[in-house]
Amino acid sequence: MPATAATRRRAQPEAPAPDGARDPEQLRALHAALEDWFGAEARDLPWREHDRTPWGVLVSEVMLQQTPVVRVLPVWREWMARWPRPADLAAEPAGEAVRAWGRLGYPRRALRLHAAATVIAAEHDGELPDTEEGLLALPGVGTYTAAAVAAFAFGRRATVVDTNIRRVHARLVGGEALPAPSLTAAELRRAAILLPADRERSVVWNAAVMELGALVCTARSPRCAECPVAGACAWRAAGEPPPTYTPRGQAWHGTDRQVRGAVMAVLRAAEQPVTRELLDREMVGSAGSEPSAPGSTHHFAEAGGPLRDAITRLHALGTGPDQLERALAGLLADGLAVEAEGHLRLP
DNA sequence: AAAACGTGGCC
DNA sequence: TGGCCAAGTTT
């Protein structure tokens, strides 16, 4: 049956299907455009250098979970210099990883990286697993990180889906301002459809889409004028409709999380274990008052700038006894702190 | 499966 | 100024 004008229109709709099923020609053009753009505009990040190691890629991916690149860079360099191989990290106490984590946030990531290094050293002869499945079994490695390391460290064809990629797909293909609040099965299917069949191209595509989301197709005020695929963007074609929901932020002030963070800052800064009694006496219910001067107790005798600052910050929270108790219990349960003989310290 | 989990910069 | 946001994982 000869194709009529009507059937041709149905076969080639103006807007791409939201599941990403564009025709092969469109897809190929998309792949080529982003490949070129990435080649010209990609940032020079150390974990993309030729001398990178799979371990370095894993460390970068974990550090980058919910943490901006600029903050990760110096810490990643420090880690690589100090612990160039998983076994190097595994040879040290977990607390060293937590301390070297600095202020990246979510310090249990440091704990899990140390645990992963221990597994790699003990069960994998010091080498990272080179499959998604093997990587996924490591502590702190979820679906995103497993796919990312498989692709970027081992050159595998993996469906990488992070927050940047989700946003780019939502706009470019889905015609929506933002992806759903949480990852859906439909998004995974769409990402799989969009992934180039060619292995090497798939690696570049993953990196390119992620980079586009980070540099151009940003959450707030996207730079569409600089976008290499703006002409193919379903969101623009639809007139850039606003988000259909408003993301709700995380509570912070007055939360246990805030107290945990302040306690961890003290433990990181402290050269010696900190007495539990000190936390209770100096930091509970004393908002508005002054913390004891460094040197007023033997615990503070050697309090330098960083420790003093951390203590001052915790003091300023005016944490109540119940909340301090809860926060400490949480830290101990998570293994981020250890209590022995009335003292608290990093593990 | 919703909720917990740090931190700092930006508009 | 305060809410939003950043290469998520775990329970």
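Quickly run through region A:252-284 and pick out the residues that are within 16 Å of DNA strand C (Cβ to nearest atom) and either open to solvent by 70 Å² or more (accessible area, probe 1.4 Å) or in contact with a Ser or Thr (Cβ under 7 Å, 6 or more places away or on another chain) (or both). Result: A:Trp252, A:His253, A:Arg257. Taking every residue in region A:114-134 that is closer than 11 Å to A:Leu89 by Cβ and pairing it with any residue that is of a type outside the set (A, V, I, L, M, F, W, C) and open to solvent by 40 Å² or more (accessible area, probe 1.4 Å), at least 6 positions away or on another chain, the pairs with Cβ-Cβ distances below 6 Å are A:Ala115/A:Pro139; A:Ala116/A:Pro139.
Can A:Glu96 be described as assigned by TED's automatic domain parsing to the domain that holds A:Val160 and part of a loop (DSSP other than H, G, I, E, B)? No, not satisfied.
For region A:55-64, filtering for residues that are within 11 Å of A:Ala148 (Cα to Cα) and in contact (Cβ under 8 Å) with a residue 40 or more places away in the chain leaves 4. The criterion of being open to solvent by less than 20 Å² (accessible area, probe 1.4 Å), more than 16 Å from DNA strand C (Cβ to nearest atom), of a type outside the set (Phe, Trp, Tyr) and within 18 Å of the chain's Cα centre (by Cα) does not hold for A:Ala116.
Of everything in region A:222-273, what is among the acidic types (Asp, Glu) and more than 30 Å from A:Gly105 (Cα to Cα)? Give them in sequence order.
Kept after step one, since they are among the acidic types (Asp, Glu), are these residues of region A:222-273: A:226, A:240, A:256, A:271.
Answer for region A:222-273, where residues must be among the acidic types (Asp, Glu) and more than 30 Å from A:Gly105 (Cα to Cα): A:Glu226, A:Glu240.
The set of residues from region A:304-341 being assigned to a loop (DSSP other than H, G, I, E, B) and at pLDDT 90 or above comprises A:Gly335, A:Leu336, A:Ala337, A:Glu341.
Quick check on region A:52-76: of everything there that is out of contact with any Leu (no Cβ under 8 Å at 6 or more places or on another chain), within 12 Å of DNA strand B (Cβ to nearest atom) and hydrophobic (A, V, I, L, M, F, W, C), which residue is farthest from A:Leu89 (Cα to Cα)? By that ranking, first place goes to A:Val70.
Here the condition is being more than 28 Å from A:Ala230 (Cα to Cα), open to solvent by less than 20 Å² (accessible area, probe 1.4 Å) and either assigned by TED's automatic domain parsing to the domain that holds A:Met210 or of a type outside the set (D, E, K, R) (or both); of A:Trp55, A:Trp76, it holds for A:Trp55 alone.
Condition check for A:Gly239 on (1) closer than 26 Å to A:Asp162 by Cβ; (2) more than 16 Å from DNA strand B (Cβ to nearest atom): one failure, at (1).
The values are calculated or read from the model by the stated rules, or taken from the named source; none is laboratory data. Owing to the predicted nature of the structure, the values given are computational and were not obtained by experimental measurement. Here Cβ is always computed from backbone atoms with ideal geometry, including for glycine, and neighbour counts include all displayed protein chains. Protein only, heavy atoms only, side chains kept; ligands, DNA and RNA dropped before computing areas. Shrake-Rupley method; radii C 1.70, N 1.55, O 1.52, S 1.80 Å.
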